[in-house]
Amino acid sequence: MSGGELTCGRGGLFLERADVMRTMHRLSNRLVGDHVVGAPMLVVAGGCLVGGLAGLVADRVARRLTFSQATAPTWASMLAGAVLLPWTLSVAPDPMAVAASIGLLAALLTLSLVDIADFRLPDVVTLPLAAAGIVWALEAGAPIGPRLVGAAVGYLVIAALAGAYRRLRRRKGIGLGDAKLLAAAGAWLGWEPLPLVVLTSCALALALIGVRVVGRGAASLSRPLAFGPALGLGFWIVWSLRLAGRV
């Protein structure tokens, strides 16, 4: 019997095993999506596991760095890591990019947790993160010039905005921690993708503000909003797109 033929048995008609496997494969692609299952399911499952562990590490480090007791629950950072990491790992071109992505995610989650609790981004994380971006470029054989320019531009843009806001409103609005985080993004990505990082981060922050207004009313507009999580997520999205060759 050749592939694709039917056989008759006591219970009726039976498809060959190869036909069944092809049918199951097509069905799984429809259910999960070819663009996601382009990587093996093992990579997705492993990415969820490693991402959850990165979130756990970030939670433990953030609790040591925060002054406030109102920290996010541990499961939230683990869930964020498990959601964010799999696709990035599936497009990482080599083991070095995989390791860099895991470390980057842990650092960004740590910064986000601290910013949510204390409204600050500690230098003990942002500055080594920027240095790690330069080291990554050296190890990957990427040109250093655009990274150094990106770090400088990232810092100066946010610092200038913070200074202008302080002069206009007579109060502090944007912290220099955000400037250092955008400098880290420039060190990892170069200066070219920084506008996309900023636009993505602002869109995410505006979306979060909209959710707060819907849930808590217009009075929530007077409450401060930590920009670090949105900036970190924008950084992560552009990093993932860069690994995928789409930026």
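The values are calculated or read from the model by the stated rules, or taken from the named source; none is laboratory data. Quick caveat, the model's predicted, so the values are computed rather than measured. Quick reminder, even Gly has a Cβ in these numbers, built from the backbone with ideal geometry, and neighbours come from all protein chains shown.
Any residue at all in region 95-102 that's within 21 Å of the chain's Cα centre (by Cα), under 15 Å from Trp239 (Cβ atoms) and crowded, with 22+ Cβ neighbours inside 10 Å?
Yes, region 95-102 contains at least one residue that is within 21 Å of the chain's Cα centre (by Cα), under 15 Å from Trp239 (Cβ atoms) and crowded, with 22+ Cβ neighbours inside 10 Å.
Against the conditions (1) out of contact with any Phe, Trp or Tyr (no Cβ under 8 Å at 6 or more places or on another chain); (2) at pLDDT below 90; (3) not in a helix (DSSP H, G or I), where does Arg30 fall short? Just the number, please.
So Arg30 meets the others, but not (3).
Of everything in region 161-181, what is in a helix (DSSP H, G or I), within 21 Å of Gly232 (Cβ to Cβ) and small (Gly, Ala, Ser)? Give them in sequence order.
Result: Ala162, Gly177, Ala179.
For region 169-184, which positions are of a type in the set (A, V, I, L, M) and modelled with pLDDT of 85 or more?
Correct list: Leu176, Ala179, Leu181, Leu182, Ala183, Ala184.
Residue under question is Leu84, and the condition is that it be under 17 Å from the mean Cα position of the chain (by Cα), more than 13 Å from Leu53 (Cα to Cα) and at pLDDT 95 or above; does it hold?
no
With respect to Leu199, is the statement that it is surrounded by 18 or more Cβ atoms within 10 Å (Cβ to Cβ) and over 17 Å from Ser101 (Cα atoms) true?
no
Of all residues in region 212-247, which are assigned to a helix (DSSP H, G or I), hydrophobic (A, V, I, L, M, F, W, C) and modelled with pLDDT under 90?
Those that are assigned to a helix (DSSP H, G or I), hydrophobic (A, V, I, L, M, F, W, C) and modelled with pLDDT under 90: Val213, Val214, Ala218, Ala219, Leu221.
From (1) in a helix (DSSP H, G or I); (2) crowded, with 17+ Cβ neighbours inside 10 Å; (3) of a type in the set (A, V, I, L, M, F, W, C); (4) not assigned by TED's automatic domain parsing to the domain that holds Val61, pick out the condition that doesn't hold for Leu113.
With respect to (1) in a helix (DSSP H, G or I); (2) crowded, with 17+ Cβ neighbours inside 10 Å; (3) of a type in the set (A, V, I, L, M, F, W, C); (4) not assigned by TED's automatic domain parsing to the domain that holds Val61, Leu113 is out only on (4).
Here is a list: Ala185, Ala207, Ala137. Which entry is surrounded by 15 or more Cβ atoms within 10 Å (Cβ to Cβ) and within 27 Å of Met78 (Cα to Cα)?
Unique residue meeting the criteria: Ala185.
Which of the numbered conditions does Leu168 fail, given that it passes all the others? Conditions: (1) farther than 27 Å from Leu127 by Cβ; (2) buried (at least 20 other Cβ atoms within 10 Å of the Cβ); (3) not small (Gly, Ala, Ser).
Of the numbered conditions (1) farther than 27 Å from Leu127 by Cβ; (2) buried (at least 20 other Cβ atoms within 10 Å of the Cβ); (3) not small (Gly, Ala, Ser), the odd one out for Leu168 is (2).
Which residue pairs have Cβ atoms closer than 7 Å, lie 6 or more positions apart in sequence or on different chains, and pair a first residue in region 157-173 that is of a type in the set (A, V, I, L, M) with a second residue that is modelled with pLDDT of 90 or more?
Every condition considered, the pairs that remain are Val157/Leu182; Ile158/Asp178; Ile158/Ala179; Ile158/Leu182; Ala159/Leu176; Ala159/Ala179; Ala162/Leu176; Ala162/Ala179.
Considering only region 67-79, state which residues are under 19 Å from Thr126 (Cβ atoms) and modelled with pLDDT of 95 or more.
Scanning region 67-79 gives a single hit, Ser77.
Going by the structure shown, is Ala76 of a type in the set (Gly, Ala, Ser), over 22 Å from Lys180 (Cβ atoms) and either outside the structural domain of Leu208 (by TED's automatic domain parsing) or touching a His at 6+ places or on another chain (Cβ under 7 Å) (or both)?
yes
Considering (1) surrounded by 14 or more Cβ atoms within 10 Å (Cβ to Cβ); (2) modelled with pLDDT under 95, say which one Trp191 fails and leave the rest.
The one condition Trp191 does not meet is (2).
Does Ala97 satisfy the criteria of being of a type in the set (A, V, I, L, M) and within 30 Å of Ala45 (Cβ to Cβ)?
Yes, satisfied.
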